[in-house]
Amino acid sequence: MLAGLLADARVWKLKGASAAPPRPVWPTGRPALDAHLPGGGWPTATLVEVLIADHGLGEVQLFLPALIASQREALGQTPWLVWIAPPHEPYAPALAQQGVDLRRFLVVRPASAIEALWAAEQALSSGACAAVFLWLKGGDERWLRRLKLAAEEGGALGVLVRPDRHRFESSPASLRFSMSREDGTLRVELLKVRGGRPGSIDLDLR
């Protein structure tokens, strides 16, 4: 299934290879946030929903320690990191400088939301990915449930980034949180934390 993604002309390949099973939990690198999350970090083999009013609040930066750890600490071959329909072109040199292995990093540029959801489902269920990020404007509960099941099947961390207006809709995601930012402070409001503690945490990203 992942081979189909690699063969698609709309997939930008920074370099290729295969993968390894992810860790059960990846610490966020921020103890105040870890204290609220089940197991003390980002859960894997499930769907996490991030609700934002605008892009560029630090949604990628918040997960970056986990992404780096997922590749460095893998047993055997390094797993894939897949970004689907990101709002901006990722700056590869900066990711490499932070420690992301670009040989296992894919960016998928689907032509429609349905193609984006399909690509995410395939990547999540492949067993070859440590984490799959999907930026989406909409998406119904049926599709979100499919993404969660795919993440459970493949053992990957699925991160769905959607507009904040969806916060009052039903979602099967195991973890849902909204993000807002003022100056250098990022506020994370945990709306749904299965096995953890809801609440608001202020983080300094400077």
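General observations
- The residues of region 186-198 that are of a type outside the set (Val, Ile, Thr), surrounded by 12 or more Cβ atoms within 10 Å (Cβ to Cβ) and either closer than 16 Å to residue 31 by Cβ or touching a helix residue (DSSP H, G or I) at 6+ places or on another chain (Cβ under 6 Å) (or both), listed by number, are 186, 190, 196.
- Filtered residues of region 159-197 (kept if among the basic types (Lys, Arg), over 16 Å from the mean Cα position of the chain (by Cα) and not in a loop (DSSP other than H, G, I, E, B)): 165, 167, 181, 187, 192
- Exactly one residue out of 104, 109, 142 is more than 29 Å from residue 200 (Cα to Cα) and out of contact with any helix residue (DSSP H, G or I) (no Cβ under 7 Å at 6 or more places or on another chain), and it is 109.
- Residues in region 55-67 that are touching a strand residue (DSSP E or B) at 6+ places or on another chain (Cβ under 9 Å) and hydrophobic (A, V, I, L, M, F, W, C): 57, 60, 62, 63, 66, 67.
- For region 128-148, the candidate set comprises residues that are under 15 Å from the mean Cα position of the chain (by Cα) and not in a strand (DSSP E or B); within that set, the residue that is surrounded by the most Cβ atoms within 10 Å (Cβ to Cβ) is 147.
- Residue match in region 90-110 (condition: in contact with a Ser or Thr (Cβ under 6 Å, 6 or more places away or on another chain) and more than 24 Å from residue 29 (Cβ to Cβ)): no
- Selection status of residue 81, over 23 Å from residue 165 (Cβ atoms) and at pLDDT 95 or above: yes
Here's the yes/no breakdown for (1) surrounded by fewer than 17 Cβ atoms within 10 Å (Cβ to Cβ); (2) touching a Lys or Arg at 6+ places or on another chain (Cβ under 6 Å); (3) modelled with pLDDT of 90 or more:
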residue: 4; (1), (2), (3): yes, no, no
residue: 18; (1), (2), (3): yes, no, no
residue: 23; (1), (2), (3): no, no, no
residue: 32; (1), (2), (3): yes, no, yes
residue: 36; (1), (2), (3): no, yes, yes
residue: 39; (1), (2), (3): yes, no, no
residue: 47; (1), (2), (3): no, yes, yes
residue: 52; (1), (2), (3): no, no, yes
residue: 75; (1), (2), (3): yes, no, no
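- Lone qualifier among 86, 110 - being in a loop (DSSP other than H, G, I, E, B), under 21 Å from residue 144 (Cβ atoms) and under 14 Å from the mean Cα position of the chain (by Cα): 86
- Here 183, 202 are screened, and the one residue that is in contact with a Lys or Arg (Cβ under 8 Å, 6 or more places away or on another chain) and surrounded by fewer than 15 Cβ atoms within 10 Å (Cβ to Cβ) is 202.
The values are calculated or read from the model by the stated rules, or taken from the named source; none is laboratory data. If you're wondering where the values come from, they're calculated on a predicted model, not measured in any experiment. With ideal geometry, Cβ positions are generated from the backbone for all residues, glycine too; neighbour counts draw on all protein chains shown.
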